[in-house]
């Protein structure tokens, strides 16, 4: 199992707001720390909100590429529905060149909707946009000269797209939430799957993962081609007690605020304790507890090829995040292996 981190490039730590320069420098320091600690992958999300600095993830990843040597660098996710697939490919192909073959794309529709009005797209076309643009992105990846026509973009007639990446085939994962059709689509295309699970019990997604694998097998793809990744909130502390003490206050503040905007009740400690229980989605605890939980999650889903922690939006300090990265590399990864 590959282990990594996903970040939304938050400029907020609890009630303290950092300046953009300081927040970005600290983020790049954490990517370097993850590389030095032996983590496999670091992802940057895409948002278009004041509290995040990740509106152009490829630029952040390119800065990180110049400072790192081994870690793979990916989006988490690229909101493909509101992007031009030609430009997405060019950005990540350029990142692949800068990083000497370490770039990846996780393409998704986006759980937040601010990009749709910002770039002039209709939410009623939510799924149709993604379907069409994913097909174009894959065609550009697989062919240097592209002939294509669709509804949402001008046609291409034997048009070359440059630059080409270092990797023979730039990895494209599909980021999904809980829609069965999304799992089926990824399987039919033979693309690796990144499942974002942020609440409830991880095992409830097993029928959807099985649907993905069946769809892929029916389409002629081998089990080795049908990789499954899992993205969930988490944090590794020195031990269970200190990890919970560090993580809970910021987590409760974040999700209470988000819940208020969506009409949800405030987060309680009882709810949190359910989420950090053995079957709960939150991967929070000391190294031994976290390693055991990741193995349990993998077994529950029939095997997980990659797990990424989302940990930098729960009010944790830069130093706490650095220490957590160190613990993942020194203790969690060896325990899993």
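Could you list, in sequence order, the residues of the stretch 85-105 that are assigned to a loop (DSSP other than H, G, I, E, B) and either buried (at least 17 other Cβ atoms within 10 Å of the Cβ) or modelled with pLDDT under 95 (or both)?
Taking the stretch 85-105 first, the residues assigned to a loop (DSSP other than H, G, I, E, B) are 99-102.
99, 102 - these are the residues of the stretch 85-105 that are assigned to a loop (DSSP other than H, G, I, E, B) and either buried (at least 17 other Cβ atoms within 10 Å of the Cβ) or modelled with pLDDT under 95 (or both).
For the stretch 236-254, what are the residues that are free of Cβ contacts under 8 Å to residues at least 60 places away in the same chain, in contact with a helix residue (DSSP H, G or I) (Cβ under 9 Å, 6 or more places away or on another chain) and over 14 Å from residue 323 (Cβ atoms)? It would help to see each step written out before you state the result.
Filtering the stretch 236-254 down to residues free of Cβ contacts under 8 Å to residues at least 60 places away in the same chain leaves 239-245, 248, 252.
From what's left, in contact with a helix residue (DSSP H, G or I) (Cβ under 9 Å, 6 or more places away or on another chain): 239-240, 243-244, 248, 252.
Across the stretch 236-254, the qualifying residues are 240, 244, 248, 252.
When you scan the stretch 1-23, how many residues do you find that are more than 17 Å from residue 254 (Cβ to Cβ) and modelled with pLDDT under 95?
4
When residues of the stretch 222-250 are filtered for being farther than 21 Å from residue 332 by Cα and crowded, with 24+ Cβ neighbours inside 10 Å, how many remain? Can you show your working first?
First pass over the stretch 222-250, keeping only residues farther than 21 Å from residue 332 by Cα: 222-227, 249-250.
Okay, now just the ones that are also crowded, with 24+ Cβ neighbours inside 10 Å, so none.
Residues flagged as farther than 21 Å from residue 332 by Cα and crowded, with 24+ Cβ neighbours inside 10 Å within the stretch 222-250 amount to 0.
Looking at residue 331 and the list (1) buried (at least 21 other Cβ atoms within 10 Å of the Cβ); (2) within 25 Å of residue 26 (Cβ to Cβ); (3) modelled with pLDDT of 95 or more, which single condition is not satisfied?
The one condition residue 331 does not meet is (1).
Return the residues of the stretch 68-82 that are farther than 20 Å from residue 179 by Cβ and buried (at least 22 other Cβ atoms within 10 Å of the Cβ); say none if nothing qualifies.
If we filter the stretch 68-82 for residues that are farther than 20 Å from residue 179 by Cβ, which is where we start, we get 68-74.
Of everything in the stretch 68-82, those that are farther than 20 Å from residue 179 by Cβ and buried (at least 22 other Cβ atoms within 10 Å of the Cβ) turn out to be 71, 73, 74.
Which residue pairs have Cβ atoms under 7 Å apart, sit 6 or more places apart or on different chains, and have a first residue in the stretch 119-141 that is without any contact (Cβ under 8 Å) to a residue 40 or more places away in the chain and at negative phi and a second that is surrounded by 14 or more Cβ atoms within 10 Å (Cβ to Cβ) and in a loop (DSSP other than H, G, I, E, B)?
The qualifying pairs are 123/113; 132/150; 132/152.
Going by what's in this entry, would residue 114 be described as more than 28 Å from residue 163 (Cα to Cα) and in contact (Cβ under 8 Å) with a residue 24 or more places away in the chain? Lay out the reasoning, then the answer.
Values: more than 28 Å from residue 163 (Cα to Cα): yes; in contact (Cβ under 8 Å) with a residue 24 or more places away in the chain: yes.
Yes.
Each row is one residue, and each column tells you yes or no for (1) within 16 Å of residue 176 (Cα to Cα); (2) modelled with pLDDT of 95 or more; (3) buried (at least 23 other Cβ atoms within 10 Å of the Cβ).
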| position | (1), (2), (3) |
| --- | --- |
| 107 | yes, yes, yes |
| 134 | yes, yes, no |
| 143 | no, yes, no |
| 150 | no, yes, no |
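Would you confirm whether or not the stretch 28-47 contains a residue that is within 20 Å of residue 305 (Cβ to Cβ), within 14 Å of the chain's Cα centre (by Cα) and surrounded by fewer than 20 Cβ atoms within 10 Å (Cβ to Cβ)?
Looking through the stretch 28-47, at least one residue is within 20 Å of residue 305 (Cβ to Cβ), within 14 Å of the chain's Cα centre (by Cα) and surrounded by fewer than 20 Cβ atoms within 10 Å (Cβ to Cβ).
Just one of the numbered conditions (1) over 21 Å from residue 44 (Cβ atoms); (2) touching a strand residue (DSSP E or B) at 6+ places or on another chain (Cβ under 7 Å) is not true of residue 218; which one?
Looking at each condition in turn, residue 218 falls short on (2).
Is at least one residue of the stretch 310-332 part of a helix (DSSP H, G or I), under 30 Å from residue 207 (Cβ atoms) and over 21 Å from the mean Cα position of the chain (by Cα)? Break it down into steps so the answer makes sense when it comes.
At the first step, the residues of the stretch 310-332 found to be part of a helix (DSSP H, G or I) are 318-332.
Subset that is under 30 Å from residue 207 (Cβ atoms): 328, 332.
Restricting the remaining residues to those that are over 21 Å from the mean Cα position of the chain (by Cα) gives none.
The answer is no; no qualifying residue exists.
The values are calculated or read from the model by the stated rules, or taken from the named source; none is laboratory data. What you see is a predicted model, and the numbers here were worked out from it, not measured in a lab. Using ideal geometry, Cβ is built from the backbone for each residue, glycine included, and neighbour counts are taken over all protein chains shown.
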